[in-house]
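Coordinate-derived values only; no laboratory data. Keep in mind that this is a model prediction, so the values were computed, not measured. Neighbour counts run over all protein chains shown; Cβ positions are idealised from the backbone, glycine included.
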Amino acid sequence: MSKNSFIVRILLGMAISVLFCAYSAEPALARGSWLRQLEMIINSTMNARSAPNTESPDHSGTFNTTGERCAYCHKVISGKKHVLNDEYVCRKCLERHLPKCCCCHRRIKGSYVEYYDGNYCCVKCYGNSELPRCAECNCPVRSAELEGGGYACDRHRPEAICYEDEAYEVWKEVEKAYTEVLGPDFVLDTVPNIHMMTLEELQAKGKNDSRWIKAFSRTKVAGGHYVHDIYVLKGMSPEYLLEQLAHEGAHCWHYENQPYTLSCQPSFKEGFCEWVAFKILDDLDLDKQRERQLNNVDIDYSRGLRDFLRLEEKLGSIEAVLDYMRNNTTL
Ligand SMILES: [Zn+2]
Ligand SMILES: [Zn+2]
Ligand SMILES: [Zn+2]
Ligand SMILES: [Zn+2]
């Protein structure tokens, strides 16, 4: 055993006993074999997404001294010419073609924010922190809560998933993709329990008040078996839910296959799980989502993902990366 892994063992021993002490305070855990009674939470991770970039286009225009024609009505522009989508347009066409705010539905004349998936939002709505956010793209929402709970914008509302039976259907897709993409060894001992939650419920359960939490998972050992619980935000599309479940399922696999997961750095754990989700999204041609993964401002996720893509390149195969995860706790 190397010196490092010995230290890891010691640290892990300490972590377990701390957790065990904390849990043995519960009266129910004081009796019987500790192995059977021990319900130890060994995994709790958050998967969050952050806000988009803001842009401030200038629509004030300049005088048309060069005889430009409007890109929309094709007439020579009299007075000021304005720039819209890199083309010159007249005042009338500018106002007709300005993007509408996804939240208040008014044409946006000034600055706006562009969200993933092409939603535009005026700064007034964007800055209103009282408004709930779309589970899929994070844009502010003024419409009513979804029937099954949670929020989605008009664009993402039709495909929003709020119910657990639908989520288990998506989980089946994840399991199938795991085997196809990552090989027959990438299976879990037990099917995770999936809990669909509103943002408030997710924040309370995860003891995390971030507005951007999408999912987290916990793995316990109970009765000599792993028990996985995945908590996910209501209102995501099937594709986004699939990405989240693929990520959280990878945490579950990691815990089943690497006994020292507790001692891993967040970027190592999250990078691996992002890499697993990335491979699944790649197989399903969900390129936009992969791009979003690479641009996540939480660097534990985006840089961690890039680290694992490099590791895969270095080791030469997916199997080799999985083997690496079984035998290592750091890159
Ligand atoms: Zn025009
Ligand atoms: Zn608005
Ligand atoms: Zn949306
Ligand atoms: Zn994670």
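Extension gain, K80 to T190, is 33.0 nm, computed as 0.36 nm per intervening residue step minus the present C-alpha separation. Scaling the Cα radius of gyration of the range 173-318 by the globular reference 2.2 N^0.38 Å produces a ratio of 1.01.
Note the full-extension length gain between T66 and E145 as 0.36 nm times their separation in residues minus their Cα-Cα distance, in nm to one decimal.
23.3 nm
Given R₀ = 22 Å, FRET efficiency for R157-C104 by Cβ-Cβ distance, to 0.05? That pair, R157 with C104, gives E of 0.85. Counted over the range 137-208 with a bin width of 5 Å, the fraction of Cα pairs per bin, in whole percents, is 3, 13, 18, 18, 17, 14, 10, 4, 1, 0. For K314, a cut-off of 17 angstrom between C-alpha atoms picks up these aspartates and glutamates, skipping any fewer than 8 places away in its own chain: D323. Judged by the mean number of other Cβ atoms found within 10 Å, the most tightly packed of the peptides 244-252, 285-293, 60-68, 118-126 leads the ranking 244-252, 118-126, 285-293, 60-68. Put a dot 7 Å past the Cα of E180, heading toward its Cβ, do the same for N327, and the two dots end up 3.0 nm apart. Distances between placed amide hydrogens fall under 5 Å for V297 paired with S50, all partners being 5 or more residues away or on another chain.
Measuring between alpha carbons in the structure, the pairs from K220/K279; K207/K234; K214/K269; K176/K234 lying more than 21 angstrom apart are K220/K279; K176/K234.
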